[in-house]
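Report on one structure; see the data block that follows.
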Amino acid sequence: MNQNHHDPTANEAARHAIQHLLDGGPPADLPAADYGGWGEIVSALCDTHGTEGTPGVLHLFETLARAHPDLAKLIAAYAPPAHRNGYTHGHTNGTHRFRMLSADDLVQLPPPTFLVKDTIVLGETTVIAGPGDSGKTFLVTDMCWKVAQHYPVCYIAAEDAQGISLRMQAWCKHHQRPRPQNFHVLGTGTGVPCAVELMDAPQIDDLILTLQAHQIKLVVIDTLSQCSGGAEENGSDMTRLAAACNRIAHTTGAAVVVIHHTTKDGKHYRGHSSLKDNTYGFFDVAKEDDVINLAKIRIKNTGSIADRHFRLVTVDLGKVDTYGDPITSAVALPAHKVKVTGDDLTPSRREVLSQIALMQDADEAPKATQLRQSLRDMHERTFYRVLHWLREHGYIKQGVMGIGNRYYVTDAGRDKLEQTNDDPNTAGNLLLDAEYFLVNTRLPDPDPTPPGGASYTPPVPPDSQRSTATRPDRAARSVPPVASAGSPDGSTATPPELPSGDTDAENAARTPAPDD
């Protein structure tokens, strides 16, 4: 921006006009030429005042001041001391930045609103964490496409955007749905899926404008580490990352879901616990054999919520790769709706049972701590759950004649180890699907999508709300594009309601799919 800032009269006029807007006053009725090189900025702030009021002016000013240090210096040079300290005591219109809320005001605050029942809340941040290959992305994308049947969704695919595409195709084929027109992926100006740097405030400003322009109700950040911009995994940086996510949620009113990694054993979350402490909801994802478990660690202002269990079912996309092999992906379905056939000794159960037999035959029967040490790569909860299952089914016993704490393989357990599974179809038959992620369809209808597609220009306010001053033309605010999923035939018709049950594959045999 090539501006002439050497005219003291123009500087004073611009300073006065901008300060007046920041104080809540109306746009000044002066010709654009009177503002000299500041004319474009004054024009932008005046237009924003007409469409978004004083809050919009304050937000835009903060954004512009970061981009143009001379603007911050201009206001700081003339502002009274109260303004220099970051607050605006004694506004010219008699208002203050802060006020006291009474008990009556407090009870008028709206209660938290779930976008997805018992899972994610509008205007808040929810973290879904788990180790790699635990299935967390399959669960989140299932939520996304169910929400996208009703409201706009933005997915920030900072890693494996191609995988998201395959999963979307599988989901649409399995549920017999067109590609959701409300599902979008954040991209660059050249149409490439991209990450967003959560530690970069100007990027967050641009992202918020993009989300508001498309009236997004659900934002997914996949993953936190890919959008952290090299942040340290300590309390300070994790608090800043959580604050950035919360700012997106609170400013746009959208639900923000953050996919986060844990260590392989699932015991520790990457980074500091402040991420969990400073977000509204936190879920843990773990996988035991072919069952994915989603457990609520915390959602503020809620009681207990039962764990939810899922299985992945493979979907053939009807395509082949360059080697002629079928291209497949998977969908996540409620586990109790997927009938499992074949051997009940799953890989994890067989591994624990085999290890007990090996240690028992080599030296002496192991204690739980010794056995756990030998199987330390297994998720801790999975280990103890398997141990309990083997005892319940009589494949192992603890102690001799019930005395002692060492584990022994029973005769039934040894017989089981010698058996082979003649039925490779361990995923079994798919039965009627159920809605584990129930979308709130009673939200107010969104306003019509702003014109201009990916480029958002605030609408021109009515003449009655504008100053009569002539303002120079200014370029539209450029925001990152959001790529739409499109539909199979290129149409943009609104898809029908998502049925609560699966209709295309009842009793169809499926096989397990690889995880995320």
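The values are calculated or read from the model by the stated rules, or taken from the named source; none is laboratory data. Note that the structure is a prediction, hence the values are computed from the model and not measured. Heads up, the Cβs are rebuilt from the backbone with ideal geometry, glycines too, and the neighbour counts pull from every protein chain shown.
Assorted remarks:
- Pairs are defined by a Cβ separation below 6 Å, a sequence spacing of at least 6 or placement on different chains, a first member in the stretch 168-180 that is of a type in the set (F, W, Y), and a second member that is buried (at least 21 other Cβ atoms within 10 Å of the Cβ); the pairs so defined are W171/W145; W171/V331.
- Search result, residues across the stretch 97-118 that are within 23 Å of A254 (Cα to Cα) and either loosely packed, with under 10 Cβ neighbours inside 10 Å or within 12 Å of the chain's Cα centre (by Cα) (or both): L106, V107, Q108, L109, P110, P111
- Matching residues, the stretch 289-304, being assigned to a loop (DSSP other than H, G, I, E, B), at negative phi and at pLDDT below 90: D290, T302, G303, S304
- Residue in the stretch 100-107 that is at pLDDT below 75 and not hydroxyl-bearing (S, T, Y) present: no
- Test result for T279, among the hydroxyl-bearing types (S, T, Y), closer than 30 Å to G123 by Cα and in contact with a helix residue (DSSP H, G or I) (Cβ under 6 Å, 6 or more places away or on another chain): yes
- Any hit, the stretch 137-149, residues being under 21 Å from I299 (Cα atoms), buried (at least 23 other Cβ atoms within 10 Å of the Cβ) and not hydrophobic (A, V, I, L, M, F, W, C): yes
- If you go through the stretch 271-318 and keep only what is free of Cβ contacts under 8 Å to residues at least 60 places away in the same chain and among the basic types (K, R), you end up with just R298.
- Residues located in the stretch 352-383, provided they are of a type outside the set (S, T, N, Q), in contact (Cβ under 8 Å) with a residue 12 or more places away in the chain and surrounded by fewer than 15 Cβ atoms within 10 Å (Cβ to Cβ): E364, A368, R376, D377, E380
- Verdict on I297 being within 17 Å of A129 (Cβ to Cβ) and β-branched (V, I, T): yes
- In the stretch 344-393, the residues that are more than 33 Å from the chain's Cα centre (by Cα) and of a type in the set (F, W, Y): W389
- Long-range neighbours under 8 Å by Cβ, at least six apart or interchain, first residue outside the structural domain of A72 (by TED's automatic domain parsing) within the stretch 3-31, second assigned to a loop (DSSP other than H, G, I, E, B) and modelled with pLDDT of 75 or more: none
- Exactly one residue out of A103, A148, A157 is of a type in the set (G, A, S), over 17 Å from L438 (Cα atoms) and assigned by TED's automatic domain parsing to the domain that holds L218: that is A157.
- Residue match in the stretch 100-114 (condition: in contact with a strand residue (DSSP E or B) (Cβ under 6 Å, 6 or more places away or on another chain) and of a type in the set (A, V, I, L, M, F, W, C)): yes
- Subset of the stretch 25-56 [under 18 Å from E12 (Cβ atoms), in a helix (DSSP H, G or I) and of a type in the set (G, A, S)]: A32, A33, G36, G37, G39, S43
- Some residue of the stretch 338-352 being at pLDDT 90 or above, more than 25 Å from P110 (Cβ to Cβ) and not assigned by TED's automatic domain parsing to the domain that holds Q176: yes
- Residue satisfying condition, being of a type in the set (V, I, T), in the same structural domain as H214 (by TED's automatic domain parsing) and within 24 Å of A231 (Cα to Cα), within set T190, T141, T137: T137
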